[in-house]
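> Take a look at the following structure, please.
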Amino acid sequence: MTESAKQLLLEIKNSGHTPIYVRISRLNPVISKDGLEFNYGGKKIELDGGIVRNLGFISSTEQLMKRFDSLKGLESNGITLINSPDSMFIARDKFNSLMKLKMAKIPVPDTTVVEDPFEVMRLVNEWKDVVIKPVIGSLGLGSVRVSDPDVAFRVAKAILSVNQPVYVQKYINKPERDIRVFVVGTTVLGSIYRVNRSSWKTNVAQGSLTQVLLPNEELQEISLKVVKALKLDYAGIDIVEDEDGSYKVIEVNAAPLWKGFYEATHINPAKYIVEHLIRKIKK
């Protein structure tokens, strides 16, 4: 269990409600003569609402469908979930989420997803410097920066050999940092710089230092447009500054961790997330 999950459980308890930690792999929807029920570890479980943190480790499409169906079943039974399964699913898919942001006129880097290593070579020749990422992933794990077409070809071949598409994003020459903005509901809780002078990766999990940043009007506007476009209740939004000073949204995390954010801002998102959930349940 992550520290963020522990803080959420504590906030639920402090608000006068009973917290339950549920592993999605053990949550089973049951169609019975009485309708749709749910059991957890062999026992019937009833919930008023829930905060979806992740879908667990997934090794097959069928496993993903079962877990997604379980969440959709909870939602169809009137249980309030944040983030909603549909929004969670979109945000988890990096390319789909960027397509929706682009359609909402939110600035994003040039990005594609392909299944041909020669196409990856061509893109490196065109874009010069790219990042190849897992389509689904977090913490910067598995991301590779490439500027050599031959190296890109080898990386693409390795990814394609395990039947995964290749997600390619034009590298933005950022100033040794990126920006994480944290939004709950229609409120920007705050933002931080994530600074790494020894690596192009600026995830806190990759060793970046954090500095508090007072978000300007443009950052707030972009971030609120992001959560609206993806229909998210809360999110961690990763934004980079381009060489011309403009902003681009790199990706959106629908179940962000906040250790670095809390250390820099002393704002605990758990309190605001739980309050937001309780308000939605009461509506």
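> Regarding region 215-230, can at least one residue be identified that is out of contact with any Pro (no Cβ under 7 Å at 6 or more places or on another chain) and assigned to a strand (DSSP E or B)? Explain how you work it out, then say what you get.
Looking only at region 215-230, we keep the residues that are out of contact with any Pro (no Cβ under 7 Å at 6 or more places or on another chain), and these are 215-230.
From what is left, the residues that are assigned to a strand (DSSP E or B) are none.
Within region 215-230 (the criterion being out of contact with any Pro (no Cβ under 7 Å at 6 or more places or on another chain) and assigned to a strand (DSSP E or B)), the answer is no, since none of the residues qualifies.
> So, of the residues in region 48-64 that are without any contact (Cβ under 8 Å) to a residue 40 or more places away in the chain and surrounded by fewer than 16 Cβ atoms within 10 Å (Cβ to Cβ), which turns out to be farthest from residue 256 (Cα to Cα)?
62
> Of all residues being small (Gly, Ala, Ser), farther than 20 Å from residue 8 by Cβ and touching a helix residue (DSSP H, G or I) at 6+ places or on another chain (Cβ under 7 Å) in region 172-207, which is modelled with the highest pLDDT? Just the residue, please. Please lay out each step first, then the result.
At the first step, the residues of region 172-207 found to be small (Gly, Ala, Ser) are 185, 190-191, 198-199, 205, 207.
Still in the list and also farther than 20 Å from residue 8 by Cβ: 191, 198-199, 207.
Checking the rest, the ones that are also touching a helix residue (DSSP H, G or I) at 6+ places or on another chain (Cβ under 7 Å) come to 191, 199.
On the way: 191: 97, 199: 70.
Per the criteria, the residue is 191.
> Could I ask something else about it? Given 24, 31, which one is more than 22 Å from residue 269 (Cβ to Cβ), at pLDDT 90 or above, in the same structural domain as residue 84 (by TED's automatic domain parsing) and among the aliphatic types (A, V, I, L, M)?
31
> Here is a list of conditions, (1) in a helix (DSSP H, G or I); (2) more than 17 Å from residue 257 (Cα to Cα); (3) of a type in the set (A, V, I, L, M), and residue 81 meets all of them except one; can you say which number that is?
With (1) in a helix (DSSP H, G or I); (2) more than 17 Å from residue 257 (Cα to Cα); (3) of a type in the set (A, V, I, L, M) applied to residue 81, the lone miss is (1).
> Moving on to the next point. Looking at region 110-138, I want the residues that are assigned to a helix (DSSP H, G or I) and have a partner that is loosely packed, with under 14 Cβ neighbours inside 10 Å with Cβ atoms under 8 Å, at least 6 apart or on another chain. Which pairs are those?
Sorted first by the residue in region 110-138, then by its partner, the pairs are 117/157; 121/150; 124/147; 124/148.
> Collect the residues in region 34-82 that are of a type in the set (S, T, N, Q) and either in contact with a strand residue (DSSP E or B) (Cβ under 8 Å, 6 or more places away or on another chain) or assigned by TED's automatic domain parsing to the domain that holds residue 275 (or both), keeping them in residue-number order.
The initial filter retains those residues of region 34-82 that are of a type in the set (S, T, N, Q), namely 39, 54, 59-61, 63, 70, 76-77, 80.
The answer is 39, 70, 76, 77, 80.
> Tell me which residues, restricted to region 143-170, are surrounded by fewer than 17 Cβ atoms within 10 Å (Cβ to Cβ), in contact with a strand residue (DSSP E or B) (Cβ under 7 Å, 6 or more places away or on another chain) and within 20 Å of residue 60 (Cα to Cα).
160, 165 - these are the residues of region 143-170 that are surrounded by fewer than 17 Cβ atoms within 10 Å (Cβ to Cβ), in contact with a strand residue (DSSP E or B) (Cβ under 7 Å, 6 or more places away or on another chain) and within 20 Å of residue 60 (Cα to Cα).
The values are calculated or read from the model by the stated rules, or taken from the named source; none is laboratory data. These numbers come from a predicted model, not from an experiment. Using ideal geometry, Cβ is built from the backbone for each residue, glycine included, and neighbour counts are taken over all protein chains shown.
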